[in-house]
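Here's the structure, in structure tokens; my notes come after.
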Amino acid sequence: MDKRFWVGFNLVKGIGAVRLRSLLTYFGSLEEAWNATPVEWQEAGLSPKLAESLTSVRATVNLDRLWDQIEKQGITVLTWEDDDYPPRLKQIEHPPPVLYLRGQLTLDDQFAVAIVGARRITPYGRQVTDELASHLASQGITVISGLARGVDAMAHTAALRAGGRTLAVLGCGVDKIYPPEHAPLAEKIIHQGALLSDYPPGTPPDAANFPPRNRLISGLSMAVVVVEAGETSGALLTAHFAAEQGREVFAVPGSIYAPQSKGANKLIQNGAHPLLSPQDLLQALDLTRAGEYKAARKALPADAVEAQVLAVLGPEPKHVDEIGRQMGLPIEKVSATLILMEIKGLVRQVGGMHYVALREEQADYSAG
């Protein structure tokens, strides 16, 4: 897969998840789609206006030069088709086709909670955010937020100070830090987590970019916690997206007289969980056992081949020759993989080179 073409289409405003999937279905690959004619694009479902925009982008963008710039900046590009695309994000409706990343994602980032709230944080909100993010990070839970002033910055800072991981989802390119005074914080996040965006490098922090950004914050998370939020706060939109995506929504109750708590209190009134302590969150999400889950993670498929073996195997014994035939791989490769998987407790040989899959509950967890 040549990711240059994914980046190329990502530069065209109006071509998002739905239209890109249609192009992939029609042309078979984005390289074929990129090199098609405007007439063919319209036959594939693009409007004349979008076909015109795509023509303009294709004529002005040198994909080779752009890709070189991305690599020089240390930016990783992930697409739907990559194994390390965040599995939780892939579950939402119309996940972003392309993610840009500075830093590193890990399997443990599936254990993640978003903490969002007001930019004008009160001493109360500061204390709650600090205690919550610190506690989650100390329990091995990744803290996700948006690098904004106020609650976001406090959540990232507290998670880092506790030695934990944190992810910042940006409403601009990952090469454009906003607000600019958070550049030192962003550098720390890169070394203890990652900066993420579905906007191409160079994209400025326009106001229209932030509502879609909030959808990714909730999509990456198991739950969203709103610490403080006014009645028109963007944090409420993140909570709305979380509810739509089937994520748990928590809100920190505050004074009925405090403007910064009106939005959070309203969320509770409308059904959000009131968060009275970090333990409430851990228990509601069954994250008190996060350490056990992570220990089990060591016994999960280590790569695509092991995952493919588990997809082929079931509770009924299957001979190694049949496994190799279904996977389309040499028997030597399959046999070596099965030996390692047996040591890890993922499969068991039941005699005569016949194998069965084990630990289905762990395999289920790895999928989502």
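What follows is calculated from the coordinates using simple rules that are stated; it is not laboratory data. Model, not experiment: these values are computed from the prediction. A quick note on method: Cβ atoms are made from the backbone with ideal geometry, for glycine too, and the neighbour counts reach across all protein chains shown.
What are the aspartates and glutamates whose alpha-carbon lies under 19 Å from the alpha-carbon of Lys262, with same-chain residues fewer than 8 places away excluded? Straight-distance partners of Lys262: Asp152, Glu228, Glu231.
When each of the peptides 352-358, 218-224 is scored by the mean number of other C-beta atoms lying within 10 Å of its residues, the order from highest to lowest reads 218-224, 352-358. For the range 1-64, the square roots of the Cα gyration tensor eigenvalues, ordered a ≥ b ≥ c, give a/c below 1.5, which places it in the rounded category. Whole-Hz Karplus values for the range 58-64 come out as 4, 6, 9, 9, 9, 5, 5 Hz, taken residue by residue from phi with 6.51 cos²θ - 1.76 cosθ + 1.60 and θ = phi - 60°; glycine and proline positions read x. Per the Debye formula on identical point scatterers at the alpha carbon atoms of the chain, with no solvent, log10 I(q)/I(0) at q = 0.06, 0.08, 0.09 Å⁻¹ is -0.27, -0.48, -0.60. With θ taken as phi - 60° and the Karplus curve 6.51 cos²θ - 1.76 cosθ + 1.60 applied, the whole-hertz 3J(HN,Hα) list for the range 152-165 is 4, 4, 5, 5, 4, 4, 5, 5, 5, 4, 7, x, x, 9 Hz, x standing for glycine and proline. Ordering of 204-217, 136-149 by packing is 136-149, 204-217, highest average first (other Cβ atoms within 10 Å, averaged per residue).
Of the GluC sites (Glu not before Pro) found in the range 193-260, the ones in coil according to DSSP and having at most 13 other Cβ atoms within 10 Å of their Cβ are Glu231. The mean sequence distance of close C-alpha pairs (under 8 Å, at least 6 residues apart), as a share of the length of the range 103-293, puts its relative contact order at 22 percent.
Amide H contacts of Leu147: Val169, each under 5 Å away and 5 or more positions distant or on a separate chain (H built 1.01 Å from N in the peptide plane; Pro and chain starts excluded). Between Asp286 and Arg120, the modelled labels are 4.3 nm apart [label points 7 Å from Cα along Cα→Cβ].
If the segment from Thr60 to Gln349 were pulled out straight at 0.36 nm per residue, it would be longer than the present Cα-Cα gap by 98.2 nm.
Using the structure shown, select from Lys72/Lys188; Lys90/Lys318; Lys3/Lys49; Lys90/Lys333; Lys13/Lys49 the pairs with a Cα to Cα distance greater than 22 angstrom. Over 22 Å Cα-Cα: Lys90/Lys318; Lys3/Lys49; Lys90/Lys333. Extents of the range 45-171, largest first, come to 53, 32, 31 Å (Cα atoms, principal axes, whole angstrom).
Report note on the peptides 99-108, 177-186: ranked by the mean count of other C-beta atoms within 10 Å, highest first, their order is 99-108, 177-186. Between amide H atoms placed 1.01 Å from N, distances below 5 Å from Gly173 occur with Gly202, Thr203, all of them 5 or more places distant or on a separate chain. What the phi angles of the range 269-275 give under the Karplus curve with 6.51, -1.76 and 1.60, with θ = phi - 60°, is a coupling list of 4, 8, x, 5, 6, x, 9 Hz, glycine and proline written as x.
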